[in-house]
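The structure appears below as structure tokens.
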Amino acid sequence: MLDALLLPHPFDSRVGSAVLRRATRDDADALIALLADDPISAARGDVASDDDRDAYARGLDDILADSSNDLLVVDLDGDVVGTLQLTSIPGMARRGARRLLVEAVRVRSDLRSSGIGSAVMRWVSDAAAPALGAALVQLTSDAARTEAHRFYQRLGYVDSHVGFKYNVPLTSA
């Protein structure tokens, strides 16, 4: 989805130089660990169980194969320490504006407040959104993530909407 000129994107943080790059299938274990490292994700079932590895692999493959999506990772000295998913959404509202949806932002718990998240989110708004022609960057955040809300607000994001979700019951085939 994103032009090759934008990625990989090197940046500095308080813990050293890092690189934002596209995820690959080789990053699956690190991505699963990042989800499990988050207490809210873990409470939803992201506990890095070996039994779920195939489901995660299918999800990763689906994202990587979808041209409207990018799954990015933050590489710090060869370790994946952060991730986010970007989805470009064409629209009719706002005079046909394109939106850039940001999902599943994670930074490894021991590296939060290191500048990694700020650098990545600034890159999203300053480089990725304009490159994709997006007039709006949007994200949702669990209501319990009050620290994340303050983080996004510091970066200029506005809590302008109320979000709703509906959990679809899955049936076994």
Bin by bin, in steps of 10 Å, what percent of the Cα pairs in segment 60-137 do you find, going until the bin that has the longest distance? 18, 45, 30, 7, 1
Lys/Arg +1, Asp/Glu -1 at C-beta; the chain dipole; positive extreme among LEU6, LEU139, VAL168: LEU139
Taking the beta-carbon count within 10 Å as an exposure proxy, list LEU71, LEU111, LEU64, LEU170 from fewest neighbours to most. LEU170, LEU64, LEU111, LEU71
Hey, fewest Cβ within 10 Å first, where do PHE164, PHE11 land in order? PHE164, PHE11
Residue order, fewest to most surrounding Cβ atoms within 10 angstrom, among MET121, MET92: MET92, MET121
Give me the Kirkwood hydrodynamic radius of the chain in Å, from all C-alpha pairs, to one decimal place? 17.1 Å
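Bear in mind these aren't lab numbers, they're just calculated from the coordinates by the rules spelled out. Every value quoted in this text rests on a predicted model; they were computed, and no experiment measured them. Positions of Cβ are backbone-derived with ideal geometry, glycine not excepted, and every protein chain shown enters the neighbour counts.
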